[in-house]
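Dropping the structure in here first, questions after.
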Amino acid sequence: MPSTLRVLMISEPGVDGVFRHVEGLIHFLLSREVEVDFAYSDLRGGADLKELVSYVESRDGRTLNLQVGNRPQFGDAAALVRLRRLASERRPQLIHAHSSKAGVLGRSLRFLGVRGAYFYTPHAYYGNGRSRKSAAVFDGIESIFGRVGTSILVSQTESLYAYERVGVSRDRQIIVPNGIDCAAFRPAAQAERAETRARLGIPEDAMVLGTVARYSAQKDPVTLYTAIREVLENHARLWFVHVGKGELWDAVSALGVTHPRIVRVPSFQPMSDFYRALNGFVLPSRYEGFSLSVLEALASGLPLILSRAPGNQDFACFGLDAVYWSDPGSVSHLRQAIGGWLSNLNQPNNHREVALSNFQDHECYQRVLRAYENALGVPAHSSRARDSQVATP
């Protein structure tokens with residue numbers, strides 16, 4: 001058995017929360033002298049993806065652009081052939097796939113004779129938050145591939161869904177929450193807040209509510225913007241800023257959301273600076289895995305406005321004292337939750353402390369590395385720091 005672990009990391013999204021998780025995990029593994037090859041797709045990618053590809057290559061890793069989207073397409077078969085060729089040449093000991101498309105492609109290698117330990121992180125099952133009828137096909141696919149390797153789930157809700165709806169047995173699951181760089185994501189100093197607001201064209205004395213989310217049915221921007229427009233009319237100092245892009249951008253634009261106090265930007269760098277412009281964070285999703293953007297807001301010490309949706313509801317288990325809840329898809333409930341936040345705008349909260357206690361990124365990535373080693377039956381990695389226990393949601 002080689003002394004150095006070699007991992008083939010596979011991810012279809014090159015943006016948003018899934019990508020940021022994969023990016024952080026790859027950097028952690030490389031810092032621990034684990035060899036990493038990276039298969040990705042640039043159809044949903046940006047500058048950060050290009051930087052990560054270059055970084056992996058600079059560390060002697062191989063990279064492969066799968067050029068696939070998140071929906072089934074004819075190019076998937078060609079991508080699988082190229083992925084198998086890469087695996088045959090590099091002989092990874094572990095294959096770790098992230099999100100549904102990469103999960104199918106990556107775990108298909110097992111059926112094509114590629115040996116190794118397999119891991120899959122769904123980052124929210126597609127069917128979670130949907131009716132059984134609409135989710136049946138996707139749950140069926142997940143059920144077939146759920147018999148391959150180990151599923152790393154990020155929350156108790158996701159674990160329960162995997163067990164009850166997808167049929168992933170408990171002995172094929174582990175729960176490891178997403179982790180956050182709490183040094184980068186932290187409460188803002190006054191000067192930092194003013195500087196970031198200036199970049200966004202927002203007055204320094206404004207009340208700013210923000211979100212980081214794709215314009216997708218999962219994130220439900222239609223409900224969000226309908227509620228926001230109503231609240232803005234009654235609060236002259238309130239601003240709303242949204243970082244993200246996606247297939248519902250035009251649908252949201254059709255709502256007539258042009259407003260002098262609504263700021264929509266496809267991306268913002270560095271993301272840690274964005275949260276420093278905010279007084280509060282909102283995510284009214286219809287379902288989540290365990291949202292990285294919520295964790296980033298948590299580490300930044302921000303109050304939260306969340307839907308009572310699968311994944312989001314797991315945050316109720318941590319004793320957070322500044323969360324305002326709404327029902328998924330309800331404009332009136334979301335409007336009331338925003339009103340509750342506005343009424344308690346300057347109250348201190350325990351969110352930063354909870355993040356430090358539960359979601360430090362290096363501790364969560366450490367648990368993933370430990371799972372790799374356990375699957376291979378190898379000793380703990382020699383360069384690894386002492387294990388720290390991380391509470392699971």
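Which residue out of Ala39, Ala77 is under 27 Å from Ser272 (Cα atoms) and either open to solvent by less than 30 Å² (accessible area, probe 1.4 Å) or not hydroxyl-bearing (Ser, Thr, Tyr) (or both)?
On the way: Ala77 fails: under 27 Å from Ser272 (Cα atoms).
Answer to the selection: Ala39.
Hey, another quick one. All but one of (1) open to solvent by less than 40 Å² (accessible area, probe 1.4 Å); (2) in contact with a strand residue (DSSP E or B) (Cβ under 9 Å, 6 or more places away or on another chain); (3) assigned to a helix (DSSP H, G or I) hold for Val168; state the number of the condition that does not hold.
Of (1) open to solvent by less than 40 Å² (accessible area, probe 1.4 Å); (2) in contact with a strand residue (DSSP E or B) (Cβ under 9 Å, 6 or more places away or on another chain); (3) assigned to a helix (DSSP H, G or I), only one is false for Val168: (3).
Right, another one. Working only within region 14-43, note down all residues that are within 19 Å of Phe185 (Cβ to Cβ), in contact with a strand residue (DSSP E or B) (Cβ under 9 Å, 6 or more places away or on another chain) and of a type in the set (Phe, Trp, Tyr).
If the condition is that a residue be within 19 Å of Phe185 (Cβ to Cβ), in contact with a strand residue (DSSP E or B) (Cβ under 9 Å, 6 or more places away or on another chain) and of a type in the set (Phe, Trp, Tyr), then Phe19 is the only one that fits.
Where residues in region 57-74 are open to solvent by 40 Å² or more (accessible area, probe 1.4 Å) and closer than 26 Å to Tyr365 by Cα, which of them is modelled with the lowest pLDDT?
Asn70
Tell me, please, whether a residue that is part of a loop (DSSP other than H, G, I, E, B) and free of Cβ contacts under 8 Å to residues at least 40 places away in the same chain can be found in region 290-301.
The initial filter retains those residues of region 290-301 that are part of a loop (DSSP other than H, G, I, E, B), namely 290-291, 300-301.
From what is left, the residues that are free of Cβ contacts under 8 Å to residues at least 40 places away in the same chain are none.
Among the residues of region 290-301, not one is part of a loop (DSSP other than H, G, I, E, B) and free of Cβ contacts under 8 Å to residues at least 40 places away in the same chain, which makes the answer no.
Could you check Val241 against (1) within 30 Å of Ala135 (Cα to Cα); (2) aliphatic (A, V, I, L, M); (3) in contact with a strand residue (DSSP E or B) (Cβ under 9 Å, 6 or more places away or on another chain) and say which number it fails?
(1)
Looking at region 326-371 only, could you name the residues that are crowded, with 18+ Cβ neighbours inside 10 Å and assigned to a loop (DSSP other than H, G, I, E, B)?
Selection gives Pro328, Phe359.
Give, as residue ranges, the helices (runs of 4 or more DSSP H) completely inside region 1-119 that count at least 2 residues that are within 20 Å of the chain's Cα centre (by Cα).
Numbers: elements: 16-31, 47-58, 75-90, 100-111.
Once the helices (runs of 4 or more DSSP H) in region 1-119 are filtered for at least 2 residues that are within 20 Å of the chain's Cα centre (by Cα), what remains is 16-31, 47-58, 100-111.
Look at Pro379 and say whether it is at pLDDT below 95, of a type outside the set (Val, Ile, Thr) and either assigned to a helix (DSSP H, G or I) or open to solvent by less than 30 Å² (accessible area, probe 1.4 Å) (or both).
No: the conditions fail for Pro379.
Anything in region 302-325 that is touching a residue at least 12 places away in the same chain (Cβ under 8 Å), of a type outside the set (Asp, Glu) and in a helix (DSSP H, G or I)? List them, or say none.
Result: Asn312, Gln313, Phe315, Cys317, Phe318.
Can you tell me which condition Ile174 does not meet? The list is (1) open to solvent by 60 Å² or more (accessible area, probe 1.4 Å); (2) over 22 Å from Leu278 (Cα atoms); (3) touching a helix residue (DSSP H, G or I) at 6+ places or on another chain (Cβ under 9 Å); (4) of a type outside the set (Gly, Ala, Ser), and all the others hold.
(1)
Restricting attention to region 153-164, does a residue exist that is hydrophobic (A, V, I, L, M, F, W, C), over 30 Å from Leu356 (Cα atoms) and not in a loop (DSSP other than H, G, I, E, B)?
Scanning region 153-164 turns up no residue that is hydrophobic (A, V, I, L, M, F, W, C), over 30 Å from Leu356 (Cα atoms) and not in a loop (DSSP other than H, G, I, E, B).
For residues that are without any contact (Cβ under 8 Å) to a residue 40 or more places away in the chain, open to solvent by less than 10 Å² (accessible area, probe 1.4 Å) and not aliphatic (A, V, I, L, M), tally how many sit in region 95-120.
2
Which ones in region 43-56 are surrounded by 14 or more Cβ atoms within 10 Å (Cβ to Cβ) and at pLDDT below 95?
Initial filter on region 43-56 (surrounded by 14 or more Cβ atoms within 10 Å (Cβ to Cβ)): 43-46, 48-49, 52-53, 55-56.
Selection gives Leu43, Arg44, Gly45, Gly46, Asp48, Leu49.
The values are calculated or read from the model by the stated rules, or taken from the named source; none is laboratory data. Only a predicted model underlies this, so the values are computations on that prediction, with no experimental measurement involved. As a convention, Cβ positions derive from the backbone with ideal geometry for all residues, glycine included, and neighbour counts pool all protein chains shown. For the accessible areas, the whole protein counts, side chains as well, though only heavy atoms, and no ligand, DNA or RNA atoms are used. Shrake-Rupley method; radii C 1.70, N 1.55, O 1.52, S 1.80 Å.
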